[in-house]
Amino acid sequence: MSANQFTHLEINVSNIKHNLRYFRSFLSEKTKMLVLVKAYGYGHGIGDFSRILENNGIDYLAVAFPNEGIAIRQAGVQLPVIVLSAGMEDYPLLIRYRLEPSLPCLETFRRFQSEAAALGEHGYPVHIKLDTGMHRLGFEKTELEALAKELPLARSVRIASVFSHFAASGDPSQDDFTKTQIARFQALSSFLASYLDYMPLRHLLNSPGIERFAKEAQYDMVRLGIGLYGMSYVDRSLLRPTAYLKTPILQVKTVRQGETIGYARAGKITVPAAKIATLAIGYADGVNRHLSAGKACFSVNGHRAPTIGNICMDMCMIDVSGIDVKPGDMVTVFGDDPTIFELADILGTIPYEILTTVAQRVSRVYVF
Ligand SMILES: *Cc1c(COP(=O)(O)O)cnc(C)c1O
């Protein structure tokens, strides 16, 4: 019997460490490691999870929004934290919590530098984002020239790092473009560095970048995201799942032929008698409703059982005919079987979305 008989996302810390070792194996010893903990740590949690990363030698964290960074500070984590998508109105808040902005254009740079000056800051760390082809956020060449001219007067800030982001580094058919991005990064970051009397960190590689371009573009730091959470773009068998979504069976019942299961009577019993288990998890917990009606199987007591009927908000039903189950038995929605990859394929999405849509009301349980 499982110790945790409630719906939870189990985080396997030794598998996290395994995956971390895999990505470190591509890097020289002095290369720093930033881990992305945006979107609630890709679902793995934010405060407690960041502390685990801090204790495992990670050098930097990055989040998307200020509230994620504040949660890290409230957990007592001291690591530098880059906030990738802060709005200009958030800048005083960032400074209050010692969170470091990513600045993607001249306007944001000027605004942050004047907010920092107004608060009496000197050399507050900021991170300059370069657009090398993603065309989402980042400085382009002409704006960077303007920035370079303003730097000597911008004493309230210090450029802690210069970075850029790949658009398709996991896809071998796009390698020519990825190499173009590397060349642009080399040129733009060197240009900016030539205007500074100190050397900012440079970083470019994301998870597939680490696996595929660590020789030519390692620079001073790498940014590990989905890889830490078990996704390899080279060979998935080398990595381990890190998050296991588990839920207990609330009730088991026998339902006769001709009866239906759940809302809209969507699940019809076509055999003389089916054994149906009701689970304590629904779409509000992150079990996508498109997995209804047998589109996915979950695993219980070593067997796979298909969903039946429509997934409800807080519950769903699976067909456990022929499987020995009882209330309290734990069902795995994803983990080893099915994997996040299988669910992503069924839903026509990417594993990132499976992990990041587990609701906050699902408690995270760290297993060491
Ligand atoms: C999310 C993100 C990453 C990590 O991407 P993965 O594909 O998860 O490795 C790296 N850098 C930036 C700027 C990001 O936004």
| task | Using only the Cα atoms, work out Rg/Rh for region 113-162, with Rh taken as the Kirkwood radius, to two decimals. | result | 1.02
| Which of S190, L106, G309, positive extreme of dipole for the chain (C-beta unit charges) | G309
| field | Rg in Å to one decimal, and Dmax rounded to a whole Å, for region 213-331 via C-alpha atoms | value | 19.1, 65
| Using the 10 angstrom Cβ neighbour count as an exposure proxy, how do I269, I72 rank, fewest first? | I269, I72
| remark: With R₀ set to 25 angstrom, the calculated FRET efficiency between the beta-carbons of N67 and H303, to the nearest 0.05, is 0.05
| Cα gyration tensor shape of region 192-279, rounded if a/c is under 1.5, else prolate or oblate by comparing a/b with b/c | prolate
| query | Among all stretches of the chain without exposed GluC sites (Glu not before Pro) (DSSP loop, at most 15 other Cβ atoms within 10 Å), which one is longest? | reply | 30-139
| request: Quick one: of K17/K179; K30/K141; K17/K215, which pairs are farther than 27 Å apart, Cα to Cα? | output: K17/K179; K30/K141
| task | Return the ratio Rg/(2.2 N^0.38 Å) for region 4-45, where Rg is computed over Cα atoms only. | result | 1.49
| query | Which shape class, rounded, prolate or oblate, goes with region 10-104 when its Cα gyration tensor gives a ≥ b ≥ c as root eigenvalues, a/c under 1.5 marks rounded, and past that a/b bigger than b/c marks prolate? | reply | prolate
| Those trypsin sites (Lys or Arg not before Pro) in region 212-290 that DSSP places in a loop and that have at most 12 other beta carbons within 10 Å | K215
| request: Indicate the gyration tensor shape class of region 266-334 (rounded, prolate or oblate), computed on the Cα atoms with a ≥ b ≥ c the square roots of the eigenvalues: a/c under 1.5 is rounded; otherwise a/b larger than b/c is prolate and the rest oblate. | output: oblate
| request: Quick one: among A264, A280, A305, which has the greatest mean-square fluctuation in a GNM of the chain with alpha-carbon springs under 10 angstrom? | output: A264
| message | So if I take the centroid of the Cα atoms in region 225-242 and the same for region 294-320, what is the distance between those two points in Å? | response | 26 Å
| task | For region 308-366, count the residues as N, evaluate 2.2 N^0.38 Å, and divide the Cα radius of gyration by that value, please. | result | 1.27
| request: First obtain the Kirkwood hydrodynamic radius of region 67-112 from its Cα pairs, then insert it into the Stokes-Einstein equation at 10 °C and 1.306 mPa s, and state the resulting D in µm² per second as a whole number. | output: 146 µm²/s
| query | Dipole of region 228-329 (Lys/Arg Cβ +1, Asp/Glu Cβ -1, origin at the Cα centre): which of L228, L245, A264 lies farthest to the positive side? | reply | A264
| Roughly how compact is region 80-138, stated as its Cα Rg over 2.2 N^0.38 Å to two decimals? | 1.08
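Between S237 and T270, what length in nm is gained on full extension when 0.36 nm per residue of separation is reduced by their alpha carbon distance?
Details: separation 33, 0.36 × 33 = 11.88 nm, distance 3.87 nm.
Computed gain between S237 and T270 is 8.0 nm.
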| With each label point set 7 Å from Cα along the Cα-Cβ vector, what nm distance links Q174 and S28? | 2.8 nm
| query | What is the dipole size for region 131-183, taken about its Cα centre, with +1 at each Lys and Arg Cβ and -1 at each Asp and Glu Cβ, in debye to the nearest 20? | reply | 320 debye
| request: Could you compute the FRET efficiency for E259 and H290, with r as their C-beta to C-beta distance and R0 at 25 Å, rounded to 0.05? | output: 0.55
| query | Based on the inverse mean of 1/r over its pairs of different Cα atoms, what is the Kirkwood hydrodynamic radius of region 157-211, in Å? | reply | 12.1 Å
| request: Express the relative contact order of region 206-299 as a whole percentage, based on alpha carbon pairs under 8 Å and six or more residues apart in sequence. | output: 19 percent
| query | With no solvent and one point on each alpha carbon, what is the Debye value of log10 I(q)/I(0) for region 88-176 at q = 0.14, 0.18 Å⁻¹? | reply | -0.52, -0.77
| field | Hydrodynamic radius of the chain per Kirkwood, over alpha carbon pairs, in Å | value | 22.4 Å
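Quick note: the coordinates plus some simple rules give every number you see, no bench work behind them. All values reported here derive from a predicted model rather than from experimental measurement. FYI the Cβ positions are ideal-geometry reconstructions off the backbone, even for glycines, and counts take in every protein chain you see.
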